[in-house]
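J.: Mind looking over this structure? Questions follow.
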Amino acid sequence: MTTLSAKSPVLELRNLVVEFVTRHGTLRALDGISFSIAPGEVLGVVGESGAGKSLTGAAVIGLLEPPGRIASGEVLLAGQRIDHLPIEELRHIRGKRIGTIFQDPLTSLDPLYRVGEQLIETIRTHLSVSEQEARARAIALLAEVGIPAPEKRIDGYPHEFSGGMRQRVVIALALAAEPELIIADEPTTALDVSVQAQIIAVLKKLCRERGTAVMLITHDMGVIAETADRVAVMYAGRVIEIGPVRDVVKSPKHPYAKGLMGSIPALDERPERLLQIEGAMPRLNAIPQGCAFHPRCPHVMPRCHEARPVLAPVGAGQVACFLHEVGQ
Amino acid sequence: MSAKPMVSVTHARKVFDVSQPWLERVLSGQDKQMLVAVDDVSFTIKKGETFALVGESGSGKSTVARMVTGLLPASSGTFSIDDVPLDPEHGYPLALRRRLQMIFQDPYASLDPRWRVGQIIAEPMKAFGLARNEDEERARVSQLLKLVGLDPADAVKFPHQFSGGQRQRIAIARALASDADVIVCDEPTSALDVSVQAQILNLMKDLQRDLGLTLLFISHNLAVVRYMADVIGVMYLGRLVEVARVETLFAQPRHPYTRMLLDAVPDLAMSGRSRQPVQGEVPNPISPPSGCTFHPRCPLANTRCQTEIPLMVDGVACHAVQENRKA
Ligand SMILES: Nc1ncnc2c1ncn2[C@@H]1O[C@H](COP(=O)(O)OP(=O)(O)OP(=O)(O)O)[C@@H](O)[C@H]1O
Ligand SMILES: Nc1ncnc2c1ncn2[C@@H]1O[C@H](COP(=O)(O)OP(=O)(O)O)[C@@H](O)[C@H]1O
Ligand code: SF4
Ligand code: SF4
Ligand SMILES: [Mg+2]
Ligand SMILES: [Mg+2]
């Protein structure tokens, strides 16, 4: 892990703020997101529905839907800012340097074209190889993601593949241009558990082999525990804890992260009751002052109502909570 | 041990006709296509217990649930609640229908958006003539709202004013409004975030204990089922492949599919336990494999498995288990 962090990051977010300007005023959906991902590293981004996971991914690849916009902060890909690039340039980066995988494979696949045509086109747009070479590469990729008889299946249409097989094709497509970074937004959420396990294994193996960095967005802690090197936990548009996967999953520090982990039923034991965080995550138009978690926090202190805790180092990770403000 | 089960299902079967429309079929010379969604499913649920059905998408869990409640006519099989049989023509008698309610996955779709929460919850009381007057009805609605952790003042609001978890609480209140004691829950927390899921699962457990409810609980999530169930039935391609008490199933899974399913669940405990990689995917149910439908994915399959459907014996439907065959 230390060798990883020594290299300069593939992706770095600095104080990213995303806002929606609506009739009812400006809603701040991401409020100062900062993290980085090293080459070959898998960063898991977890949090409940509406926490801002997908928006973070969308902001990185320049796919925020208007009226959403980056209001401030920076997105750096291999040290270069990409948050203010013209749309054309960003589109090129998106195909070449950043691969994407979404929950629904049909977002990434065109139903009218054969799987092979789509792979070959992606390969030829971004790498200077002949049609034949591209086809050979496409077949090799399909084999690598675990499609049986790839030399036959390459001429099939997306609808001829099962959901799990389609998601394998999408992984092949995302890797086709040999990107530095993959953004995978709930890549296994729509899949059955037995298929999910296979997809996760393929994604992890291929990125590891190629040294591709991965931002893995999911609400499934189990998937994170299996796959990620580090985890960022989001709440109400903020990262409230980030650190090595084992620390965050086994001994979370932030009261919300603790509650979240405790609320997940486990396979290996049956507690009398699941830990329960009262209430629900606030809506964007009603994010509390100070610590956004304070109305639900069992440890709330007077200052939590006014001051906002920032991410500060705790152990090998960082936590945004006044309880963990040791030292200064 | 009470002798009589609260819910009893025997040899339930459901076949759907998934053929093309008649004319197209005739023109293209195709045969009728039948999909056996549920086949030879039998189980019982004891009073006050939770029987969970688990299995992957398309395994037939919801179809069983809908047949048990009488919402979907079965192709064959018998169903009874508290010894009262389901009449294939007329469903359950009115007195029993009051006692049987259902909770669905999607709390957004299952509540009528034009109705106030109070009306939604009072509807079963009206349907079964359970409240003598409006005061009584209102008092009962308040009581139910409190029971599920909401505010009596919420009765005048509309469903869209609530979050997913709160809507599921409303659905639970409605299910309890007719004093139901058998509740069929189809993926009641699958659309909810984990922290909200914890609230709803805890609530359902509390209500079950306090009101003595009998639950048929459907989920694809093994960890949720581990938390909720007394007895678990594992389904694969329309059949029950294993039925066991919860502790036994997790400690000693016997059917190869159950083991595969347990192995596939991501290891949140990060114990580093060794796991068999999962093989293959669920086949197309329109043309399922012969014999044991699990045989193309099963590490223990042999020639008998390819031809002979294993019957449920002592809680497992598997030739290898019955022959005590290890490899
Ligand atoms: N077009 C939009 N207009 C206004 N608010 C939006 C818009 N898109 C997203 N949001 C809000 O931004 C916040 C973060 O959304 P995002 O989709 O990133 O959440 P998420 O963590 O991915 O949730 P989920 O798991 O449900 O996908 C949410 O509160 C959401 O309602
Ligand atoms: N109305 C229907 N018409 C045709 N096929 C159906 C219908 N309802 C369910 N099926 C099929 O029956 C099988 C079992 O479905 P279901 O019980 O809904 O599965 P589950 O709830 O376990 O996901 C599936 O293959 C499904 O496609
Ligand atoms: S800062 Fe205060 S309110 Fe926020 S999580 Fe920490 S203790 Fe709780
Ligand atoms: S019957 Fe045969 S194929 Fe089916 S689960 Fe048992 S061993 Fe495997
Ligand atoms: Mg999302
Ligand atoms: Mg279902």
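J.: Over chain A, with a Gaussian network built from C-alpha contacts below 10 Å, which listed residue (A:143, A:184, A:266) shows the highest mean-square fluctuation?
T.: Looking only at A:143, A:184, A:266, the largest GNM fluctuation is found for A:266.
J.: Further question on the same structure: P(r) of segment B:260-327 in 5 Å steps, Cα pairs, percent per bin?
T.: Once binned at 5 Å, the Cα pair distances of segment B:260-327 give 3, 14, 21, 21, 18, 12, 7, 3.
J.: Per-residue accessible area for residue B:204 at 1.4 Å probe radius, Å² rounded to 10?
T.: It works out to around 10 Å².
J.: If you put +1 on each Lys and Arg Cβ and -1 on each Asp and Glu Cβ, how big is the dipole of segment A:17-67 around its Cα centre, in Debye rounded to 20?
T.: 120
J.: When a/c reaches 1.5 or more, the comparison of a/b and b/c decides; with that in mind, is segment B:212-327 rounded, prolate or oblate per its Cα gyration tensor?
T.: It comes out prolate by the Cα gyration axes.
J.: Compute the projected area of the convex hull of the Cα atoms of segment B:93-241, averaged over all viewing directions, and report it in nm² to one decimal place.
T.: One quarter of the hull surface, i.e. the mean projection, equals 9.5 nm².
J.: Then there's this: For segment A:236-315 and segment B:51-65, what is the centre-to-centre distance using only Cα atoms, to the nearest Å?
T.: About 34 Å separates the Cα centre of segment A:236-315 from the one of segment B:51-65.
J.: Same structure again: Show B:14, B:126 ordered by accessible area, largest first, where the area counts protein heavy atoms only and the probe is 1.4 Å.
T.: Final ranking, largest accessible area leading: B:126, B:14.
J.: Which three numbers, in whole Å and largest first, are the semi-axes of the equivalent ellipsoid of segment A:61-112 derived from its Cα gyration tensor as √(5λ)? Walk me through the intermediate numbers first.
T.: Numbers: eigenvalues 102, 41, 21 Å².
Taking √(5λ) for each eigenvalue gives 23, 14, 10 Å, largest first.
J.: Using the Cα centre as the reference, give the magnitude of the dipole from point charges on the C-beta atoms of chain B (Lys, Arg: +1; Asp, Glu: -1; all else neutral), rounded to the nearest 20 debye.
T.: Magnitude of the dipole: close to 320 debye.
J.: In addition: Out of all Cα-Cα pairs in chain B, roughly what percent, to the nearest whole number, are more than 38 Å apart?
T.: 21
J.: Okay, next question. How big is the B-A contact in terms of buried accessible area, both chains counted, 1.4 Å probe, rounded to the nearest 100 Å²?
T.: Buried area (both sides, nearest 100 Å²): 3400 Å².
J.: Taking a 1.4 Å probe, which of A:20, B:43 shows the most accessible area, and what order do the others take after it?
T.: A:20, B:43
J.: Viscosity 0.692 mPa s, temperature 37 °C: Stokes-Einstein D of chain A from its Kirkwood Cα radius, in µm² per second?
T.: Calculated translational D: 158 µm²/s.
J.: Shifting gears a bit: Per residue of segment A:119-136, what does 6.51 cos²θ - 1.76 cosθ + 1.60 with θ = phi - 60° give for ³J(HN,Hα)? Whole Hz please, x for Gly and Pro, Karplus curve as stated.
T.: With coefficients 6.51, -1.76 and 1.60, one gets 5, 5, 4, 4, 4, 6, 5, 10, 10, 8, 9, 6, 3, 5, 4, 4, 5, 4 Hz.
J.: Need the C-alpha centroid separation for segment A:181-222 versus segment A:63-83, integer Å.
T.: Segment A:181-222 and segment A:63-83 have Cα centres spaced 24 Å from each other.
J.: Averaged across the residues of B:276-287, what count of C-beta atoms belonging to other chains lies within 10 Å of each residue's C-beta?
T.: Details: counts 0, 3, 8, 2, 5, 9, 6, 1, 1, 0, 0, 0.
Mean number of neighbouring Cβ atoms from other chains: 3.
J.: Using θ = phi - 60° and the Karplus relation 6.51 cos²θ - 1.76 cosθ + 1.60, list the HN-Hα couplings for segment B:35-49 in order, rounded to whole Hz, with x at every Gly or Pro.
T.: My calculation for segment B:35-49 gives 10, 7, 7, 9, 9, 6, 9, 10, 6, 10, 10, 6, 4, x, 9 Hz in order.
J.: Accessible area per residue of the protein assembly as shown at 1.4 Å probe, in Å²?
T.: 45
J.: Rounded to a whole number, what is D in µm²/s for segment B:154-298 from Stokes-Einstein with the Kirkwood radius over alpha-carbon pairs (25 °C, 0.890 mPa s)?
T.: 139
J.: Apply the Karplus curve 6.51 cos²θ - 1.76 cosθ + 1.60, θ = phi - 60°, to the phi angles in segment B:99-116 and return the couplings in whole Hz, x for Gly and Pro.
T.: 8, 10, 10, 10, 10, 9, 5, 9, x, 7, 7, 8, 10, 5, x, 8, 9, 6
J.: Still on this structure: Pick from B:274, B:42, B:219: which is most flexible by mean-square fluctuation in a GNM of chain B where alpha carbon atoms under 10 Å apart are linked?
T.: B:274
J.: State the answer as a single residue: which of B:15, A:286, A:255 lies farthest towards the positive end of the charge dipole of the protein assembly as shown, with beta carbon charges of +1 for Lys and Arg and -1 for Asp and Glu, about the Cα centre.
T.: A:255
J.: Rounded, prolate or oblate: which fits segment B:89-165 when a ≥ b ≥ c are the square roots of the eigenvalues of the alpha-carbon gyration tensor, with rounded for a/c under 1.5 and prolate only if a/b beats b/c?
T.: The shape class here is oblate.
J.: Going Cα to Cα from residue A:205, which lysines come in below 29 Å? Please leave out same-chain ones fewer than 8 positions away.
T.: A:7, A:53, A:96, A:152, A:250
J.: Further question on the same structure: Please report the orientation-averaged projected area of the protein assembly as shown, defined via the convex hull of its C-alpha atoms, in nm².
T.: That works out to 34.0 nm², a quarter of the Cα hull's surface.
J.: Taking segment B:207-257 on its own, what percent of its Cα-Cα pair distances exceed 14 Å?
T.: Value for segment B:207-257: 55 percent of Cα pairs lie more than 14 Å apart.
J.: Pop out the carbon and sulfur fraction of the accessible area of chain B as a percent, whole number, probe 1.4 Å.
T.: On chain B, the fraction of accessible area on carbon and sulfur atoms equals 52 percent.
J.: Heavy-atom accessible surface, probe 1.4 Å, ligands and DNA/RNA ignored: which residues of segment A:168-210 lose at least 50 Å² versus the isolated chain?
T.: Residues meeting the cut-off: A:192, A:193, A:194, A:198.
J.: Something else now. Hey, can you list the residues from segment B:215-231 whose accessible area shrinks by 40 Å² or more with all protein chains present, relative to the chain by itself (probe 1.4 Å, no ligands or nucleic acids)?
T.: B:223, B:226, B:227
J.: Still on this structure: Suppose accessible area is computed on protein heavy atoms with a 1.4 Å probe; arrange B:75, A:36, A:263, A:8 from highest to lowest.
T.: Ranked list, largest accessible area first: A:8, B:75, A:36, A:263.
J.: Follow-up question, since we're still on this one. Please compute, for the alpha-carbon atoms of segment B:181-235, the extent along each of the three principal axes and give them in descending order in Å.
T.: Over segment B:181-235, Cα extents along the principal axes are 27, 26, 16 Å.
The values are calculated or read from the model by the stated rules, or taken from the named source; none is laboratory data. Everything numeric here is computed off the predicted structure, so don't read it as measured data. Ideal geometry is used to build each Cβ from the backbone, glycine not excepted, and the neighbour counts take in all protein chains shown. The accessibility values were calculated without ligands, DNA or RNA, using every heavy atom of the protein model including side chains. Shrake-Rupley method; radii C 1.70, N 1.55, O 1.52, S 1.80 Å.
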